[in-house]
Amino acid sequence: MAKFIFKMQNILEVKEKLEEQAKGEYAIAIKELELEKEKYQRLEEKRENYEDKLTDLMHDSLHIAKICHMENAVEVMKFRMQEQLKIIQIAERKVENARQKLNNAMVERKTYEKLKEKAFEEFKIEVNAQEKKEIDELVSYKFTQKLKMQEE
């Protein structure tokens, strides 16, 4: 029996490797986004902690220097949180780009897999047709042999 050989197998393998690479990049982008979100959470917790300390300082005896220092710390945390939000937005765009790249790689791989499936179906049809032809030839040969035997 004939062996099926897909002419574009090399391309399919490259597409599979590209898809795996895109999956890795997507996973890394998601991980980076999660890390940035965690950083934001920690900044938010620090800000809340500073605000609580500021409230406590205002209720206790008035230490203007400590109050000013704590107000500055709260403002610094708010600024850092805004900066972190920008970093998160950039990370989200990276995730979206990586997702798009992965999606495109998957579409390309699936396209070549469908081409391979079609080529295999055509191959099976050709093999089946060849087998039928060989069977017909064999039957014809046997039939003519019987006729020759009967004539003798």
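Taken together, the values in this text are just the output of simple stated rules run on the coordinates, not laboratory data. None of these values were measured; they are calculated from a predicted model. Because the Cβ atoms are built from the backbone with ideal geometry, glycine has one as well, and the counts that use them run over all protein chains shown.
Details
- Any pair with Cβ under 8 angstrom, 6 or more apart, that starts in region 13-28 at a residue that is free of Cβ contacts under 8 Å to residues at least 12 places away in the same chain and ends at one that is loosely packed, with under 13 Cβ neighbours inside 10 Å and outside any helix (DSSP H, G or I): none
- Evaluation of A105 against the conditions (1) over 30 Å from I11 (Cα atoms); (2) touching a Lys or Arg at 6+ places or on another chain (Cβ under 9 Å) shows that the sole unmet condition is (1).
- Residue within region 98-106 that is over 24 Å from Q41 (Cα atoms), surrounded by 10 or more Cβ atoms within 10 Å (Cβ to Cβ), free of Cβ contacts under 8 Å to residues at least 24 places away in the same chain and of a type outside the set (S, T, N, Q) present: no
- Residues of region 1-59 satisfying the condition of being within 26 Å of E71 (Cβ to Cβ) and among the hydrophobic types (A, V, I, L, M, F, W, C): L43, L54, L57, M58
- Any hit, region 50-57, residues being surrounded by 12 or more Cβ atoms within 10 Å (Cβ to Cβ), touching a residue at least 12 places away in the same chain (Cβ under 8 Å) and touching a Ser or Thr at 6+ places or on another chain (Cβ under 9 Å): no
- Of the set (1) exposed (fewer than 13 other Cβ atoms within 10 Å of the Cβ); (2) more than 29 Å from K124 (Cα to Cα), all apply to K3 but (2).
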